[in-house]
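K.L.:
I have a structure here, written as structure tokens, and I will follow up with some questions on it.
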Amino acid sequence: MTFNELEIMEPILRALSEKGYTTPTPIQEQAIIPALHNKDILGLAQTGTGKTAAFAIPIIQQLCSDRPLGKKREIRALILTPTRELAIQIDDSIREYNKYTRLRHTVIFGGVKQHAQVNTLKGGIDILVATPGRLLDLIGQGIITLQHIRHFVLDEADRMLDMGFIHDIKRLLPLLPKHKQTLFFSATMPDSIATLSRTILHKPVRVEVTPVSSVVEIIDQRIYLVEKPDKKDLLIDLLKQERDKSVLVFSRTKHGADKIARILTKAGIGSAAIHGNKSQNARQRALSEFKARTTKVLIATDIAARGIDIDQLDLVINYDLPDVAETYVHRIGRTGRAGNSGRALTFCTSEEKPMLRDIQKLTGRKLPIAN
């Protein structure tokens, strides 16, 4: 199947073609046609499966079809996402797909001054990508109204729950029109998320792609048994071997991420750290330089890394094992995307072996020990 067979209009096809996108991913194949027919969607999909296009393309197409030229622009599509990085990433994708249409879009998030965002909103916007806190803030100031929303996307609902945003979402829902299309995406479906989905979806079409535990089977995984004092030397040796590769290093803590960055700088290895204590500008600059491959090594905490979506990430290194086994799966799933091979190397101390056992139980695989 091609994008053309999904009944996508020519300006969007042209933009997709210029980016080299010709064949839809499984989530796109399942979601785009029902979404184009204004059906609600319940999507079970991980980051990296192409779900942004699965909801953005139908929204762009429907808005292009139903907006009379000359009418005052109101926000008619709202995409709600848990993190600033992910919001920026989604807005970037919309810019790509929207290249040859006349729709306007923007992104709003906290952590920066609101002045520039407010000025853009006052100029008239069709599609808004937002994080919950800044959205509620601007609604409270009377700058944003949701009464014209026709398409509502709730992305990464389970992460919304993890990050404590469910109460914000419940405050937002009554502000949305009763009659609208809702596209609901989550990587997992705990009871609280399933309950939320039932309250906001009307006869949804369920679309689902391969669980991440199956996706990681394509990733080459190795475990290094190493004690804590020796981790830094092992990391330096590995990064020197992988000098031309883009490498994402995971630290369990913000302090640890900064410490790793200092160690690598001292060893002459260019790197940057991102975490919640960094300013939004610093985080975005580090992400942009990593995506452009001017910075080869990025050290991140789990929450800060949620907005990282790079098609050709060569290697993930778990400097620290995560406390939750599912987090390991999300981490290594950032490599091996878009049909590319992926690699993940994990450091494991004697204290971390119980965590390793949990990971092996979850994935159903005994991970090989590196020589």
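The values are calculated or read from the model by the stated rules, or taken from the named source; none is laboratory data. Just so it is clear, the model here is predicted, and its values are computed rather than measured. Here the Cβ positions follow ideal geometry from the backbone for every residue, glycine too, while neighbour counts run over all protein chains shown.
K.L.:
Does any residue of the stretch 90-97 turn out to be crowded, with 20+ Cβ neighbours inside 10 Å and out of contact with any strand residue (DSSP E or B) (no Cβ under 8 Å at 6 or more places or on another chain)? I'd like the intermediate steps shown before the answer.
P.N.:
Taking the stretch 90-97 and keeping what is crowded, with 20+ Cβ neighbours inside 10 Å, we get 90-91, 94, 97.
Okay, now just the ones that are also out of contact with any strand residue (DSSP E or B) (no Cβ under 8 Å at 6 or more places or on another chain), so 97.
Yes, some residue in the stretch 90-97 is crowded, with 20+ Cβ neighbours inside 10 Å and out of contact with any strand residue (DSSP E or B) (no Cβ under 8 Å at 6 or more places or on another chain).
K.L.:
Continuing with the same structure: Suppose we filter the stretch 265-306 for residues that are of a type in the set (S, T, N, Q) and touching a residue at least 40 places away in the same chain (Cβ under 8 Å); how many remain? If you could, list the steps in order and put the result at the bottom.
P.N.:
Initially, the stretch 265-306 is screened for residues of a type in the set (S, T, N, Q), giving 265, 271, 277, 279-281, 284, 288, 294-295, 301.
So of that shortlist, the ones also touching a residue at least 40 places away in the same chain (Cβ under 8 Å) come out as 279-281, 284, 301.
The total comes to 5.
K.L.:
Now a separate question. Any chance the stretch 128-143 includes a residue that's under 24 Å from N281 (Cα atoms), in a loop (DSSP other than H, G, I, E, B) and of a type in the set (G, A, S)?
P.N.:
no
K.L.:
Show the residue pairs meeting these rules: Cβ distance below 9 Å; 6+ apart or different chains; first residue within the stretch 176-198 and not assigned by TED's automatic domain parsing to the domain that holds T327 and assigned to a strand (DSSP E or B); second residue surrounded by fewer than 14 Cβ atoms within 10 Å (Cβ to Cβ) and among the polar types (S, T, N, Q).
P.N.:
Pairs found: Q181/N38.
K.L.:
Still on this structure, I have one more. Among the residues of the stretch 154-168, what is the count of those that are under 26 Å from Q61 (Cβ atoms) and assigned to a helix (DSSP H, G or I)?
P.N.:
Selection size over the stretch 154-168: 1.
K.L.:
Here is a further query. I want to confirm something. Restricting to the stretch 95-154 and keeping residues that are of a type in the set (S, T, Y) and without any contact (Cβ under 8 Å) to a residue 60 or more places away in the chain, which single residue is farthest from L176 (Cα to Cα)?
P.N.:
Of all residues in the stretch 95-154, those of a type in the set (S, T, Y) come to 97, 100-101, 106, 120, 131, 145.
When the remaining residues are screened for being without any contact (Cβ under 8 Å) to a residue 60 or more places away in the chain, the result is 106, 120, 131.
Values: T106: 19, T120: 21, T131: 16 Å.
Residue satisfying both the conditions and the ranking: T120.
K.L.:
So, one more: Got at least one residue in the stretch 157-176 being in contact with a strand residue (DSSP E or B) (Cβ under 7 Å, 6 or more places away or on another chain) and of a type in the set (D, E, K, R)?
P.N.:
Within the stretch 157-176 (the criterion being in contact with a strand residue (DSSP E or B) (Cβ under 7 Å, 6 or more places away or on another chain) and of a type in the set (D, E, K, R)), the answer is yes, since at least one residue qualifies.
K.L.:
Kindly indicate which of I60, I41 is more than 17 Å from the chain's Cα centre (by Cα), more than 14 Å from P204 (Cβ to Cβ) and modelled with pLDDT of 95 or more. Before you say what the answer is, go through the steps one by one.
P.N.:
Values: I41 fails: more than 14 Å from P204 (Cβ to Cβ).
Step by step, each of I60, I41 is checked, and only I60 is more than 17 Å from the chain's Cα centre (by Cα), more than 14 Å from P204 (Cβ to Cβ) and modelled with pLDDT of 95 or more.
K.L.:
Please work out which residue is modelled with the lowest pLDDT, limiting yourself to the stretch 139-195 and to residues that are small (G, A, S) and buried (at least 16 other Cβ atoms within 10 Å of the Cβ). Full working, then the answer.
P.N.:
Step one: of the stretch 139-195, the residues small (G, A, S) are 140, 142, 157, 164, 186-187, 192, 194.
Now narrow it down to the ones that are buried (at least 16 other Cβ atoms within 10 Å of the Cβ): 157, 186-187.
Details: A157: 89, S186: 88, A187: 81.
Restricting to residues being small (G, A, S) and buried (at least 16 other Cβ atoms within 10 Å of the Cβ), the top hit is A187.
K.L.:
With surrounded by 20 or more Cβ atoms within 10 Å (Cβ to Cβ), in the same structural domain as H179 (by TED's automatic domain parsing) and outside any helix (DSSP H, G or I) as the only criterion, which of I8, I27, I59, I32 stands out? Walk me through how you get there before you give the answer.
P.N.:
Numbers: I27 fails: outside any helix (DSSP H, G or I); I59 fails: outside any helix (DSSP H, G or I); I32 fails: outside any helix (DSSP H, G or I).
None of the others qualify; the one that does is I8.
Per-residue answers, yes or no, for (1) charged (D, E, K, R); (2) under 22 Å from Q28 (Cα atoms); (3) touching a Leu at 6+ places or on another chain (Cβ under 9 Å):
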{"residue": "K51", "(1), (2), (3)": "yes, yes, no"}
{"residue": "A56", "(1), (2), (3)": "no, yes, no"}
{"residue": "Q62", "(1), (2), (3)": "no, yes, yes"}
{"residue": "S65", "(1), (2), (3)": "no, yes, no"}
{"residue": "E74", "(1), (2), (3)": "yes, no, no"}
{"residue": "H105", "(1), (2), (3)": "no, yes, yes"}
{"residue": "T120", "(1), (2), (3)": "no, no, no"}
{"residue": "P132", "(1), (2), (3)": "no, no, yes"}
{"residue": "Q147", "(1), (2), (3)": "no, no, yes"}
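K.L.:
Could you go through the stretch 10-31 and let me know if any residue there is touching a His at 6+ places or on another chain (Cβ under 6 Å) and at pLDDT 90 or above. Reasoning before the result, please.
P.N.:
The initial filter retains those residues of the stretch 10-31 that are touching a His at 6+ places or on another chain (Cβ under 6 Å), namely none.
No, because not a single residue in the stretch 10-31 is touching a His at 6+ places or on another chain (Cβ under 6 Å) and at pLDDT 90 or above.
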